[in-house]
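Colleague: Following this message is one structure expressed as structure tokens.
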Amino acid sequence: LLNNLKDITSRDGVPKENSPFINNTDDKGNSYDGTNMALFEEEMDSNPMVSSFLSKLANYTNLSQGAQEHEEADDDEGPKKKAVKVFNMKHFNSVQLLFINLVSPQTMLTAISMSAIATNGVVPAGGSYYMISRSLGPEFGGAVGLCFYLGTTFAGSMYILGTIEILLTYMVPKAAIFVADKKEDELDALLNNMRVYGTCCLAIMSVVVFVGVKYVNKLALVFLACVILSILAIYAGVIKTIFDPPYFPVCMLGNRTLKNHQFDKCNKIEVIDNITVTTQLWNLFCDGSQLNATCNEYFVNNNVTELQGIPGLISGVISENMWSTYGPLGMLVEKSNLPSVEGGDPTQDIYMPYVVNDITTFFTLLVGIYFPSVTGIMAGSNRSGDLRDAQKSIPIGTILAITTTSIIYITSVVLFGACIEGVLLRDKFGDSVKGNLVIGTLSWPSPWVIVIGSFFSCCGAGLQSLTGAPRLLQAIARDGIVPFLQVFGHGKANGEPTWALLLTAGICEIGILIASLDAVAPILSMFFLMCYLFVNLACAVQTLLRTPNWRPRFKYYHWALSFLGMSLCLAIMFISSWYYAIVAMVIAGCIYKYIEYRGAEKEWGDGIRGLSLNAARYALNRLEDAPPHTKNWRPQLLVLLNVDSDQAVKHPRLVSFTTQLKAGKGLTIVGNVLQGTYLTKESESKKAEQNIKAAMSAERTKGFCHVVVSSNLRDGVSHLIQSAGLGGMKHNTVLMAWPGAWKQSNDPQSWRNFIETIRETTAAHQALLVAKNVDSFPTNQDRLGEGTIDVWWVVHDGGLLMLLPFLLRQHKVWRKCKMRIFTVAQMDDNSIQMKKDLQMFLYHLRLDAEVEVVEMHDNDISAFTYEKTLVMEQRSQMLKQMHLSRTEREREIQSITDESRSSIRRKNQGPAENASLSRQSSTTEDAQEDEVAQLIHDRNTASHATINDKVDAEPEQVHMTWTKDKLLTERNRNRECNANVAVRDLFNMKPNQTNVRRMHTAVKLNEVVVNKSQGAHLVLLNMPGPPRNRGGDENYMEFLEVLLEGLNRVLLVRGGGREVITIYS
């Protein structure tokens, strides 16, 4: 819709998209002759009668011009569109190689980002949590910190499980408590043993950590020495294979790998004393030891061969191990270049001594299993509170550790692939070599170096996790952002996190009870990756915002590197396990929302606040470009709220109505004006602002509070209307309460301020909503039952009347109310056609409402209306005379006061004589002179109070300083005024015909509205504009009072001079 009907069509005759209707002809003949709508006649040129407006809505078309314009715009852009290249899956193998080469660089990128954050100030206890929370805010910090805590805890359980697996598999196999009787129960027995021994190991490690971190540090040196010796032993063994590879045979049947737990010789038969006998291997595939026994067909058709498991560095086996061989659960581990003759029932292979895959293997699974090996980069930052200089130690230690481990990992993978046979590399538990540790056999001088080194490596990693995780939880608890975790912030006198350690041990026990390393690894990988992701995000945000406090000592960072690291983290999360990634994100999201709603509010100067400021600035600059389109228009409210002498909110229901109307959408500014100067009213202003914010919080009103101190209320309200908001984010609608006690008020300035506010909103092209009986409006806790919201559409001023009920019905308070629209028809209007046009208009507006056309005939003006208008004008005239008389009298009072001040200063005149003269005069004055004397007394009292510090006078005593001449002058002036009033006989007045017609409109319209809508939950009515001649302001208030008489909840609505609703999509 547009402001004026004459602007609806464009120059070429095509209707504009924001027009309320399609086919339209300019019609400037909006003149109106009659008495029924005289109250609205001054604005007929801009706000036409509804009957005139609806007469233009007769012809509709189903094809909107807006849609046609959009189609033409799409056609214009057609040649510019480019073909999108589709990713070809044939390149997937190269993508796999790319990702496996980027896992270590991803941790290096994260370490660079972490180094930048860690050197941008002191990093106390909390490590990664502290860095993220201070960079991205408490919500992100708490969510990611708790996820990282869970990841570190589960990592501890994984390291403990690794320790027990090495213990039971390679060191003390006979220590197993559970032993499987059947082959298919072996895995369950192993897991049960790991649960029992893992729980015992967890208890021992927890006691060590509880005793003190200094013992963990001492043990860490021992564990580190064992690990270094193990690594050196591996490199020494690889070099030794060049000239002396170890004898490490693998028995093959055809191209299938055999488990050699139950046989010693890789032969079907052997000759002993010239006698051919069968071997133990024969008995595994045949039903007897005789040469004529029935054997497995595949065993019969294929030969047994023996491969060298570790052929050596220069054997060339690396060319075979370059390519992946993934397979499902139960797939046989085969060597593709050996001859094989198929035969037998494949379903029986599971009962044969073949080496098979114990799990389904694929690329993403292996990434998830491999990634925990590079998750130790946060170990130093987690113990930042124990470091002497965290800013120096964290960057150097972390980057050097990643560099060292990356070199070791890459060289180890390449060297293992170059020295070890592929089938042996895929034999997870070493079944083809009697369960021996392959790397131990490769190393030099003894396999026990690797076994002991791996055992202590896992023990050390587990202790580090049990040391870092409780400190991380303690830092989160002490910040108070998660209320129910505050108990874990306490600990021993030296700060050791006792309660956090107990919780960590309990969660770690859950991971141990899962017992499967392959099931635990993806869980902790997700939590670690989320932490790394947000570390990179924090560095990128701080770098891009360029906040003055961002001054890291570590200079080798860039926001592009941080974004690359963040993207790699996100990619690896979904590559490893997309469902675990989703679960981790849901957990982090739930923690985020919990901290947002229940956590303590913290202001840490985080980057999200800075990002919000930048986003707000950008959005405000965009809003400045053009006003909002009709489709996007919604009421952006400036609520004019009054407070009492104690700065308490007078009408809290006005705030409730704001919430119901806005539902948290758009802009809401609650304004208030205090009279005085800011220097004297500063404390009252702060108190009023706090009370208003408390009322907004109680009513869940999302918005801003703006308290203005001004020399007078009129200017303060004017300043709010002009200057509230910022840039393009300004209010377009003013909401205020009806001045209910304007008749009883002795000060006419109250209702004059109200009328001036109406004029200013009109001049500012802002809509105005005036709520009558606002204290009877429903609260947010009320639920109105079946009822109606009645809209009385008298004149068309933008469509706001129809939009407001729709917005109200979105709120649960008004949801059950139905909408009814009433419009007024005159004598020469076709009521039936008006109803059809209005129903069609509402259909295109997608509004559900009942329509009723009320006919108002041009009846003769009743004697009641004539008399009511006469009484109104007489009252107005009397008020004017009283006001004139009071003004003249106060002029005289001021001159008398000045004379009194000079008299007091002189002090040499006889005050007793003047006072006696005053007393003598007051006995002879009439009632009106007594009133004048009282005014003089009051004024003199105020004058004496202001100069009390300068004049030595009694505060209770007032000295009257009238002279006899001044008294006679005052008496003659009052007599002249009385004579003038006597001459003007108010009872002989004749009412103004314009006022009579307007009163007739108010009376007749009120009768119709009360008859139809007295039982409605809310009545919305067009608000007539104030008179152009300010002399009729008192009459205007009387007209509105008559118009609203007998109605409970009323919302007077004035449009802002633009269309706010449209039929277009």
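Colleague: If you go through the stretch 246-289, how many residues are in contact (Cβ under 8 Å) with a residue 40 or more places away in the chain, more than 29 Å from Pro445 (Cβ to Cβ) and either in contact with a His (Cβ under 6 Å, 6 or more places away or on another chain) or open to solvent by 40 Å² or more (accessible area, probe 1.4 Å) (or both)?
Modeller: 2
Colleague: Inspect the stretch 313-322 for any residue being closer than 21 Å to Tyr247 by Cα, over 60 Å from the mean Cα position of the chain (by Cα) and not acidic (Asp, Glu) and give the result as yes or no.
Modeller: Yes.
Colleague: Could you check, for the stretch 386-397, whether at least one of its residues is assigned to a loop (DSSP other than H, G, I, E, B) and among the aliphatic types (A, V, I, L, M)? It would help to see each step written out before you state the result.
Modeller: Filtering the stretch 386-397 down to residues assigned to a loop (DSSP other than H, G, I, E, B) leaves 387-389.
Still in the running and among the aliphatic types (A, V, I, L, M): 387.
Yes; the residues of the stretch 386-397 include at least one that is assigned to a loop (DSSP other than H, G, I, E, B) and among the aliphatic types (A, V, I, L, M).
Colleague: Moving on to the next point. Of these, Val541, Val535, which one is of a type in the set (Val, Ile, Thr), buried (at least 24 other Cβ atoms within 10 Å of the Cβ) and out of contact with any His (no Cβ under 8 Å at 6 or more places or on another chain)? Spell out how you get there, then give the answer.
Modeller: On the way: Val541 fails: buried (at least 24 other Cβ atoms within 10 Å of the Cβ).
Unique residue meeting the criteria: Val535.
Colleague: Here is a further query. Return the residue satisfying two criteria in turn: it lies in the stretch 129-160 and is under 15 Å from Ser525 (Cβ atoms) and more than 34 Å from the chain's Cα centre (by Cα), and of such residues it is modelled with the lowest pLDDT.
Modeller: Met158
Colleague: Take the stretch 378-399 and flag every residue that is at pLDDT below 75 and open to solvent by less than 40 Å² (accessible area, probe 1.4 Å).
Modeller: Result: Met378, Gly380, Ser381, Asn382, Arg383, Ser384.
Colleague: May I ask you to verify whether Phe154 is of a type in the set (A, V, I, L, M, F, W, C) and either under 30 Å from Cys459 (Cβ atoms) or in contact with a Leu (Cβ under 7 Å, 6 or more places away or on another chain) (or both)? Give the derivation first.
Modeller: Values: of a type in the set (A, V, I, L, M, F, W, C): yes; either under 30 Å from Cys459 (Cβ atoms) or in contact with a Leu (Cβ under 7 Å, 6 or more places away or on another chain) (or both): yes.
Yes, satisfied.
Colleague: List, please: which pairs have Cβ atoms under 8 Å, are six or more places apart or on different chains, and start with a residue in the stretch 168-180 that is over 16 Å from Pro447 (Cβ atoms) and end with one that is open to solvent by less than 90 Å² (accessible area, probe 1.4 Å) and assigned to a loop (DSSP other than H, G, I, E, B)?
Modeller: Pairs found: Leu168/Ala176.
Colleague: Next question. For the stretch 544-623, which helices (runs of 4 or more DSSP H) that fit wholly inside it have 3 or more residues that are among the charged types (D, E, K, R)?
Modeller: Working: elements: 559-576, 578-598, 607-623.
Fully inside the stretch 544-623 and qualifying: 578-598, 607-623.
Colleague: Give me a count of the residues in the stretch 815-839 that are out of contact with any strand residue (DSSP E or B) (no Cβ under 7 Å at 6 or more places or on another chain), of a type in the set (A, V, I, L, M, F, W, C) and surrounded by 18 or more Cβ atoms within 10 Å (Cβ to Cβ).
Modeller: Narrowing the stretch 815-839 to residues out of contact with any strand residue (DSSP E or B) (no Cβ under 7 Å at 6 or more places or on another chain): 815-816, 826-830, 832-833, 836-837.
Imposing the further condition that a residue be of a type in the set (A, V, I, L, M, F, W, C) reduces the set to 827, 832.
Adding the requirement that they be surrounded by 18 or more Cβ atoms within 10 Å (Cβ to Cβ) leaves none.
Result for the stretch 815-839: 0.
Colleague: Answer yes or no as to whether His719 is open to solvent by 40 Å² or more (accessible area, probe 1.4 Å) and assigned to a strand (DSSP E or B).
Modeller: So His719 does not fit the description; no.
Colleague: I would also like to ask the following. Go through the stretch 652-666 residue by residue and tally those that are under 20 Å from Thr757 (Cα atoms) and at pLDDT below 90.
Modeller: Here the count works out to 0.
Colleague: Just checking, which of Leu502, Leu473, Leu466, Leu513 is buried (at least 24 other Cβ atoms within 10 Å of the Cβ), assigned by the TED database to the domain that holds Ser230, over 33 Å from the mean Cα position of the chain (by Cα) and not acidic (Asp, Glu)?
Modeller: On the way: Leu502 fails: buried (at least 24 other Cβ atoms within 10 Å of the Cβ); Leu473 fails: over 33 Å from the mean Cα position of the chain (by Cα); Leu513 fails: buried (at least 24 other Cβ atoms within 10 Å of the Cβ).
One residue alone meets the criteria, Leu466.
Colleague: A follow-up question, please. Any idea how many residues of the stretch 763-794 are over 17 Å from Leu640 (Cα atoms) and either among the hydroxyl-bearing types (Ser, Thr, Tyr) or open to solvent by less than 10 Å² (accessible area, probe 1.4 Å) (or both)?
Modeller: 10
Colleague: Continuing with the same structure: Any residue at all in the stretch 309-319 that is touching a strand residue (DSSP E or B) at 6+ places or on another chain (Cβ under 9 Å) and at pLDDT 90 or above? Let's see the steps before the verdict.
Modeller: Just the residues of the stretch 309-319 that are touching a strand residue (DSSP E or B) at 6+ places or on another chain (Cβ under 9 Å), to begin with: 309, 315.
Then drop every residue that is not at pLDDT 90 or above, which leaves 309.
Yes, the conditions are met somewhere in the stretch 309-319.
Colleague: When you go through (1) surrounded by fewer than 18 Cβ atoms within 10 Å (Cβ to Cβ); (2) assigned to a loop (DSSP other than H, G, I, E, B); (3) of a type outside the set (S, T, N, Q) one by one for Ile1061, which number turns out not to apply?
Modeller: Just one mismatch for Ile1061, condition (1).
Colleague: Is it the case that Ile402 is at pLDDT 90 or above and surrounded by 20 or more Cβ atoms within 10 Å (Cβ to Cβ)?
Modeller: On the way: at pLDDT 90 or above: no; surrounded by 20 or more Cβ atoms within 10 Å (Cβ to Cβ): yes.
No: the conditions fail for Ile402.
Colleague: On to the next question. Could you go through the stretch 305-322 and let me know if any residue there is surrounded by fewer than 16 Cβ atoms within 10 Å (Cβ to Cβ), without any contact (Cβ under 8 Å) to a residue 60 or more places away in the chain and more than 26 Å from Val271 (Cα to Cα).
Modeller: Yes, the stretch 305-322 contains at least one residue that is surrounded by fewer than 16 Cβ atoms within 10 Å (Cβ to Cβ), without any contact (Cβ under 8 Å) to a residue 60 or more places away in the chain and more than 26 Å from Val271 (Cα to Cα).
Colleague: Does the stretch 1026-1047 hold any residues that are surrounded by fewer than 20 Cβ atoms within 10 Å (Cβ to Cβ) and touching a strand residue (DSSP E or B) at 6+ places or on another chain (Cβ under 8 Å), and which are they?
Modeller: Listed by number, the list holds a single entry, Leu1047.
Colleague: Let me ask something else. Please verify whether the stretch 160-172 includes one or more residues that are farther than 23 Å from Ile369 by Cβ, assigned to a helix (DSSP H, G or I) and open to solvent by 50 Å² or more (accessible area, probe 1.4 Å). Lay out the reasoning, then the answer.
Modeller: The initial filter retains those residues of the stretch 160-172 that are farther than 23 Å from Ile369 by Cβ, namely 172.
Restricting the remaining residues to those that are assigned to a helix (DSSP H, G or I) gives none.
No, every residue in the stretch 160-172 fails to be farther than 23 Å from Ile369 by Cβ, assigned to a helix (DSSP H, G or I) and open to solvent by 50 Å² or more (accessible area, probe 1.4 Å).
Colleague: Output the residue which, of all residues in the stretch 566-579 that are within 20 Å of Thr110 (Cβ to Cβ) and open to solvent by 70 Å² or more (accessible area, probe 1.4 Å), is nearest to the chain's Cα centre (by Cα).
Modeller: Step by step, filter the stretch 566-579, then rank; the result is Leu570.
Colleague: Which residue pairs have Cβ atoms under 8 Å apart, sit 6 or more places apart or on different chains, and have a first residue in the stretch 445-471 that is without any contact (Cβ under 8 Å) to a residue 60 or more places away in the chain and a second that is polar (S, T, N, Q)?
Modeller: Close Cβ pairs (under 8 Å, with a partner that is polar (S, T, N, Q)) amount to Pro447/Asn436; Pro447/Thr441.
The values are calculated or read from the model by the stated rules, or taken from the named source; none is laboratory data. What you are looking at is a predicted structure, and each value in this text was computed from that prediction instead of being measured. Every residue, glycine among them, receives a Cβ derived from its backbone with ideal geometry; neighbour counts consider all protein chains shown. Surface areas here come from the heavy atoms of the whole protein model, side chains and all, with no ligands, DNA or RNA. Shrake-Rupley method; radii C 1.70, N 1.55, O 1.52, S 1.80 Å.
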